Structures are given as structure tokens and as C-alpha cells.
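Below is one structure, written out as C-alpha cells, with a few remarks after it.
The values are calculated or read from the model by the stated rules, or taken from the named source; none is laboratory data. A quick note: this is a predicted structure, and the numbers were derived from the prediction, not measured. As a convention, Cβ positions derive from the backbone with ideal geometry for all residues, glycine included, and neighbour counts pool all protein chains shown. Protein only, heavy atoms only, side chains kept; ligands, DNA and RNA dropped before computing areas. Shrake-Rupley method; radii C 1.70, N 1.55, O 1.52, S 1.80 Å.
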Amino acid sequence: LLRTSPRFIIACFQDCQTPVTGVNLLNGQEIPVVISAQREFEGHLDAVIGIPSVSPEDAAVAKRLGLEWHEVFETLSDGTEQLRNSAEFTGLDRQSATQAILKRARELGIGGYLTSPKMRDWLISRQRYWGTPIPIIHCQSCGTVPVPCEDLPVLLPKIKSLTAKGLSPLTTASEWLNCTCPKCKGVAQRETDTMDTFVDSAWYYYRYTDSRNSEKPFDKVLADVWMPVDLYIGGKEHAVMHLYYARFISHFCNDQNMVKYREPFRKLLVHGLIKGKTFRVTSNGQYLKKEEIDFSGPEPLHASTSETLQITWEKMSKSKHNGVDPAEMIRQYGIDTVRLYILYAAPPQQDILWDIKTDAIPGVLRWQVRLWALVTKLVDARNAGMTPSPDLLSKKEKEEAKKIWQTKNYTLSQVTGYMTEDFLLNAAISRLMGLTNALSQASSRVVMHSPEYEEALATLCIMTAPMVPYLASELWKGLCSVQNKLTVDYQWDTDVLFQQWPNVDTMYLQQPDTVQMIVRINNKVCGSVSLPQKVARNAEQAQELILQSELGVRQLQGRVIKKAILSPRTALINFLVEE
């Protein structure tokens, strides 16, 4: 509560006391109000309570301004703290005092409940035309009157031109503005502010479940069938704005028995930003355009004044002159490459510094070339005139084909998880690159006669399609042209984007729980160790179990291991040790 209305403007660069005082609602004591020179408070709060007896910073401010305060804590001989100079709360320990004060606040109706420090007052009104009209009528006799339910919704009037300055454009729509008071039937006017569009987007997910309902927002049965939303994807600003509003509306609808579920979203994915480099003048903080900067020296300078610049990475913005036109990059590399680059540069939760991550471009370009080469290799092999036959493969070649089959299934299980559960698209791409490497190493006879190779290549093509649809479609056309196909599990007459997502083979899921890991020491085979399948794909766990095995104790105990290189695909680990 304020004792005095602040009818003055203060501009200061140091802490200063104002003639305004507040009131402690628990005891009625007046509290001085200080304008702080601090630019912002922790938690982005607009105002905080200063407690000099607890905070050294607050104590320093109080001393500078000559403000008195009482010490409210004392430490006992056993190390515990208790209150003093605190009226009826004196003598209580910190935890008991907190609960007692909160209880008193609740009794007095002035607070005492847990709140979120990130929640703000939600100002929903806007002085603009686009937006939902606020259903309120202003009457000189009755005051503010809600629009009767039978007259809802209030529709926006047609306005030819938006000419109003300083007021809502709706003030110019006189036929719409002037109305009759629902209570006294006297002359009245409609509210000209409209709702912020956040109000609509805070409950649109419910409307999607019943979008053609003209009687009510949505039907409870339909909402309960479709809700809650499986995945909410939003930027960091959504986590403290739209997400709060949406949850607020959902909680309200649940309280009104309009929906079954209280929380509207099952899972949240907060994606990062693509940031651009900004250049600011140190003296005044002005953001500069690229043409205003001298890049000829070791450090960028202001072209006109030669002043040094502050270089930071920030969210791309026109006002900060750090935006990048993707059209230029698309013209140079193509849309598939640009999309692949963005997905591969970092996990979706992390920010991307646009100029720094250009080192990923050559990598994704090389991968696309290798994919093209794989399909070309298969097409050329099958069109050479010889009929493929798996029976022509030797025992060694069949083992090679089996390794490809295992790698395909492993990659498929990993990529499916990354794309549907973890959303680590960069990790999914890495796995696809690994499968590409495995197929690139296949011998010519395996390429020619192995259904495992053909199936792995088709699966690889389908898995890449969501990220590089144009390239994948071209690759699939090439696969469709292959003569004498050995697999029949795909719809070869339709595009790759219409193929069903592959399933991990049942036989792979029923494999033995163990694998024989070949152990090499300085590139020389010295035996093998039986390891669990999952452990055989983790370098640290595999190394630990091998060192504990009979072979490890005999061959590696007491020796200095410089490095251990694991190849899960070939079930081989190579220990590099000092001689």
C-alpha cells in the first residue's frame, strides 16, 4: 500500500529515497521506498523487498541512505538461527517462523500462498482492430455491463481504412460502437479494446478437437478423446508466456468440468534459436549494419569513427541488423542441404551460432554425394546383365551381409527413438551417416547378390526422407529402376514419402543377449570375450568388463592403456597400449 501518490519523476544514477512510503500489512509499519540504481533485479522483478539484516547489498544501500533497521536473526551456540525483534514471532527458528508468518498472512487475507516468481499480470487488452472484441458495454448509469450470452459472440465491424490515431480503430465504427445498455436500455457504448491474440492461442488446441461447433467452444467428449496434446514445441519465450497462458486456460476449463485433463500438454520441447552476430558501438550501444563496419583489420571497427565494437551473438532481428537471408544459401546449396545443415548443426534444444557452424556444410554435402553413389552402385551392378542370387555368396560374404543386416536394424531402432522420443535429429543424422559408411564398405558381390544390402539401402532412403525429401525422392526413383529386386516389402511404384516407416526385424529383437567381442592389442588379435549386447555398443562399459575378464587380466593387467577403440558394427575392440 502506498501512503503517498508519486506525482514526480525521478531520474537518478544512484540509489535514492523517495517521499513515498509503503505499509507492512502484517504489522502496519511504514517502509521507505527506494529507487535503485541497479538496472534489473534477480528474476526480472520490478520491485523487491530490501532486507538489510540478511542481505549485505541491501545493508550497504540502507547505510548510504541513512536508513535504520533491526537485526531479526541471531545464531545460537548450537548453530541454529532464531528470530528476534519480531513481535510474537520472536524466538521461533527460521522454518517455524516462515510457516507462522505465512499462516498469519492467510488469516489476514493478504497472501501466504505459494506463487510463481515468473508469473506476470496478463494484460489482455489491445488498442487495435485485429483481435476478439471484449464483450463489455459501458453505460453512464449502470457502469460496465457484460454483453448478454444470447448476444455473443461480438463480431468485429467492417472498417474500410484504419485511420484512428492514438485510439482503437473501433472508435471510428459509430454504428457498431453506439448501442443500448442491456440493463437500463439507455444509450451506451461498446468496449473498443480487443483481446490480445494470445487469448485465442491459449485455447486453440481445444477448438481443434471440435472446430465446427457453433453452439459452444468445444464438446467435452471430443476434447477428452483428443487431449492432452502429445508434444508442445516452442521457443524459450513460450516457456514463460504462452505456455503459462495455455495451462491457465486448461486449468480453468478443468475446474469448470469442461475437460477431463488438467494439464494440456504431455511433453514440452523448448527449441533453441538461430543467432546472428551483432556489432554495437561501445559508447552508445547502437547496432551497426555490415556496410557501416570496417573489416579490413584484425578487429572490426566503426567505419566512420574507427571506434571498437562490442561483438555478441543475439536472436536475429531487423533492428539489430544480424539477420541472414536463407534464400542466398538455398540458391548456392539447395533447400535439402540447408535444412540438413540446420538439423545437423546442434540438438534442437541448443542455439545455433549461424556463422560459426558453416563447417557442417561440407560434411552434409559429402554425405549426400555418398548416398547418391550407393544407389548408383546398386543400379549399375544389377543392370550389368547378371541375375542376382544369394546362394552364390560365400560363407564370409554371408557373414558380411549379416553384419549389414544387424547395422541396419540397430540404426533403425536408434533413429526411430531419436525422431519420436528424444527429438535429437542431429544424432539421427549421425546414425544414418554410420549406416552409409557400412554400406559403402560392402564388397561388390554383396552389393550384387545380397538382399540385406538392398533392404538396408531402401531403409536408409526412407529414414532420410523427412530431412532431405527432394534428394530421397530422387534416390528412391533410382532404387525403383533396379532390375531383379530381391526385396518385396516396399511399394516400389509409389514415392518414398508414401512408404511406411520400416520396422525392426523380429529376428533382430530375438537375438542372443550376448555377443563375442574380438579383442585386439596393438592391432593384434589375442582372443574374444562374451559381452551383453547393450554393453558391446558402449566403449566404456565394454572396456571395463573386458579388463575384468580372464583374458583382460592375463593380457592387460598392469599395462598402460593409451586408448581403446570400439567398433560395435564388427564386434571388435582394439586396445592401444604402451610396449
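Condition check ((1) within 30 Å of residue 241 (Cβ to Cβ); (2) polar (S, T, N, Q); (3) out of contact with any His (no Cβ under 9 Å at 6 or more places or on another chain)) across all residues:
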residue	(1), (2), (3)
40	yes, no, yes
60	no, no, yes
82	no, yes, yes
113	yes, no, yes
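Candidates in the stretch 136-149 are the residues that are assigned to a loop (DSSP other than H, G, I, E, B) and touching a Pro at 6+ places or on another chain (Cβ under 6 Å); of these, the one that is least open to solvent (accessible area, probe 1.4 Å) is 147.
Restricting the search to the stretch 306-315, which residues are open to solvent by 70 Å² or more (accessible area, probe 1.4 Å) and either of a type outside the set (Val, Ile, Thr) or more than 13 Å from residue 280 (Cα to Cα) (or both)? Those that are open to solvent by 70 Å² or more (accessible area, probe 1.4 Å) and either of a type outside the set (Val, Ile, Thr) or more than 13 Å from residue 280 (Cα to Cα) (or both): 306, 310, 315. Here residue 450 meets the list (1) open to solvent by less than 10 Å² (accessible area, probe 1.4 Å); (2) under 29 Å from the mean Cα position of the chain (by Cα); (3) not charged (D, E, K, R) almost entirely, failing just condition (2).
Taking the stretch 62-76 as the range and being among the charged types (D, E, K, R) and either within 30 Å of residue 16 (Cβ to Cβ) or open to solvent by 70 Å² or more (accessible area, probe 1.4 Å) (or both) as the test, the residues that pass are 63, 64, 68, 71.
Restricted to the stretch 463-579, the set of strands (runs of 3 or more DSSP E) holding at least 2 residues that are in contact (Cβ under 8 Å) with a residue 40 or more places away in the chain and open to solvent by less than 50 Å² (accessible area, probe 1.4 Å) comprises 514-521, 572-577. For beta carbons closer than 7 Å, sequence separation of 6+ or different chains, a first residue in the stretch 410-437 that is within 22 Å of residue 370 (Cα to Cα) and a second that is at pLDDT 95 or above and open to solvent by 40 Å² or more (accessible area, probe 1.4 Å), the qualifying pairs are 436/370. Filtering the stretch 77-107 to residues that are among the aliphatic types (A, V, I, L, M) and either within 17 Å of residue 53 (Cα to Cα) or loosely packed, with under 11 Cβ neighbours inside 10 Å (or both) leaves 83, 87, 92, 97.
So that you can scan it fast, the table gives a plain yes or no per residue for (1) touching a Leu at 6+ places or on another chain (Cβ under 8 Å); (2) closer than 16 Å to residue 27 by Cα:
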position: 85; (1), (2): no, yes
position: 91; (1), (2): yes, no
position: 94; (1), (2): yes, no
position: 98; (1), (2): no, yes
position: 102; (1), (2): no, yes
position: 108; (1), (2): yes, yes
position: 112; (1), (2): yes, yes
position: 115; (1), (2): no, no
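Scan the stretch 81-99 and give yes if some residue there is among the β-branched types (Val, Ile, Thr) and closer than 30 Å to residue 216 by Cβ, otherwise no. For the stretch 81-99, residues among the β-branched types (Val, Ile, Thr) and closer than 30 Å to residue 216 by Cβ: absent. Residues in the stretch 534-542 include none that are touching an Asp or Glu at 6+ places or on another chain (Cβ under 7 Å) and not β-branched (Val, Ile, Thr).
Determine whether the stretch 358-374 contains at least one residue that is modelled with pLDDT under 85, of a type in the set (A, V, I, L, M, F, W, C) and surrounded by 18 or more Cβ atoms within 10 Å (Cβ to Cβ). The answer is yes; a qualifying residue exists.
Among the residues of the stretch 223-248, those identified as out of contact with any Phe, Trp or Tyr (no Cβ under 9 Å at 6 or more places or on another chain) and open to solvent by 30 Å² or more (accessible area, probe 1.4 Å) are 225, 236, 237, 239, 240. Looking at the stretch 150-208, the helices (runs of 4 or more DSSP H) lying wholly inside it that each contain 2 or more residues that are buried (at least 18 other Cβ atoms within 10 Å of the Cβ) and among the hydroxyl-bearing types (Ser, Thr, Tyr) sit at 204-208.
Being part of a strand (DSSP E or B) and farther than 30 Å from residue 238 by Cβ is a description that applies to residue 74. Scanning the stretch 453-462 for residues that are surrounded by 23 or more Cβ atoms within 10 Å (Cβ to Cβ) and in contact with a Pro (Cβ under 7 Å, 6 or more places away or on another chain) gives a single hit, 459. Count of the stretch 14-61 residues, restricted to those that are more than 29 Å from residue 108 (Cβ to Cβ) and open to solvent by 50 Å² or more (accessible area, probe 1.4 Å), is 6.
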